[in-house]
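The values are calculated or read from the model by the stated rules, or taken from the named source; none is laboratory data. Owing to the predicted nature of the structure, the values given are computational and were not obtained by experimental measurement. So basically every Cβ, Gly included, is an ideal-geometry build from the backbone, and we count neighbours across all protein chains shown. Side chains are part of the model used for accessible areas, which takes the heavy atoms of the whole protein and leaves out ligands, DNA and RNA. Shrake-Rupley method; radii C 1.70, N 1.55, O 1.52, S 1.80 Å.
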Amino acid sequence: MRVVKTIEGIREALSSAQRPVGFIPTMGSLHAGHISLIERARRECATVVVSVFVNPLQFGPTEDFDHYPRDLDTDARKSEEAGTDFLFAPATKELYPAPPRTRVTVSGLTDRLCGASRPGHFDGVATVVNKLLHIVSPDRVYFGLKDAQQLAVIQRMTEDLNLPVRVVPCPTLRESDGLAMSSRNVYLSPEEREQATVLNRALSLATEQVKTGRISRADEAAQLIRETIRTAPQAEIDYVEVLSYPDLERVHEIRDQQVIAATAVRFGNTRLIDNVIWPGKEDS
Ligand code: AMP
């Protein structure tokens, strides 16, 4: 594996690379969730590129950009073990030599769920992913369903802008007690870590009720998830919503279309997200 820090260097390295090229954009602090994306790309592509870049554009002024966990040596070791060919790890100045005046905005999809409490976040994500796709020019780009709204935004951006890349959705990897893996889980105190399992329990309980037909309406499902999360005393709900997926529109009956039950919850200073996608009746 080669670690490359410049745009010119990665373009040069990939100009003679075997295709298809698979690409996994990350913010580093790699865990088994990221590794599952890399391993999938390894199975499907001749060349695998991982980027590690903590993107300042997608952090709000009061968010954890300065404290976001960074450990490039460990990330390099883990990426190499998972079969990465090139690790692209540019400094902030390499991607943003000057404050950018251009933003990519995917309207509609980005003003709800995480977009409502993190204004500008998805513009920052869409902008940096667009830049990275232009730098790496992959055939396939891998994104986790853990960040399902991000995936919907990127999918829509690539369609709207005719970017010549296939977006590959990958399932959420979880700890053995159900907590979705996240680089932010390291912030949790032992007590918060224990209580954070309520997210998966709430989503699983609602899934069960929907599958058995005891719940059929989106508002009932959201209410059950809210009530279950509230049983954890330290959980502070940012949102719980059941919307169509990937369009993220309000829905009434769950079985009329594919929907997402999505939640963001704070435990102390740490904001965690999780979701589950329920297929419409055609697929069930
Ligand atoms: P991040 O480093 O948080 O920007 O994540 C990089 C990629 O890894 C994104 O596509 C995420 O959706 C994906 N990812 C993060 N956590 C998980 C997980 N638990 N399971 C699967 N994919 C994940």
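Observations on the model:
- Residue in segment 83-93 that is open to solvent by 20 Å² or more (accessible area, probe 1.4 Å), within 28 Å of ALA17 (Cβ to Cβ) and among the polar types (S, T, N, Q) present: yes
- Checking ALA116, ALA76, ALA148 one by one, the residue that is open to solvent by less than 10 Å² (accessible area, probe 1.4 Å) and either in a loop (DSSP other than H, G, I, E, B) or out of contact with any Pro (no Cβ under 7 Å at 6 or more places or on another chain) (or both) is ALA148 and no other.
- Residue within segment 40-52 that is out of contact with any Lys or Arg (no Cβ under 8 Å at 6 or more places or on another chain), in contact (Cβ under 8 Å) with a residue 60 or more places away in the chain and assigned to a loop (DSSP other than H, G, I, E, B) present: no
- Residue ID - nearest to GLU80 (Cα to Cα), chosen from residues in segment 26-60 that are open to solvent by less than 20 Å² (accessible area, probe 1.4 Å), near the ligand (Cβ under 8 Å from one of its atoms) and among the small types (Gly, Ala, Ser): GLY28
- Within segment 111-137, tally of residues that are over 19 Å from ARG266 (Cβ atoms), among the aliphatic types (A, V, I, L, M) and under 14 Å from the mean Cα position of the chain (by Cα): 4
- If you go through segment 218-257 and pick out every residue that is in a strand (DSSP E or B) and of a type outside the set (Asp, Glu), you end up with 8.
- Candidate set: segment 180-199, residues that are more than 11 Å from the ligand (Cβ to nearest atom), open to solvent by less than 50 Å² (accessible area, probe 1.4 Å) and part of a helix (DSSP H, G or I); chosen: the one farthest from ARG226 (Cα to Cα): GLU192
- The set of residues in segment 6-16 being touching a strand residue (DSSP E or B) at 6+ places or on another chain (Cβ under 8 Å) and surrounded by fewer than 16 Cβ atoms within 10 Å (Cβ to Cβ) is empty.
- Matching residues in segment 151-171 - criterion: being open to solvent by 40 Å² or more (accessible area, probe 1.4 Å) and either under 17 Å from the mean Cα position of the chain (by Cα) or within 15 Å of the ligand (Cβ to nearest atom) (or both): GLN155, ARG156, ARG166, PRO169, PRO171
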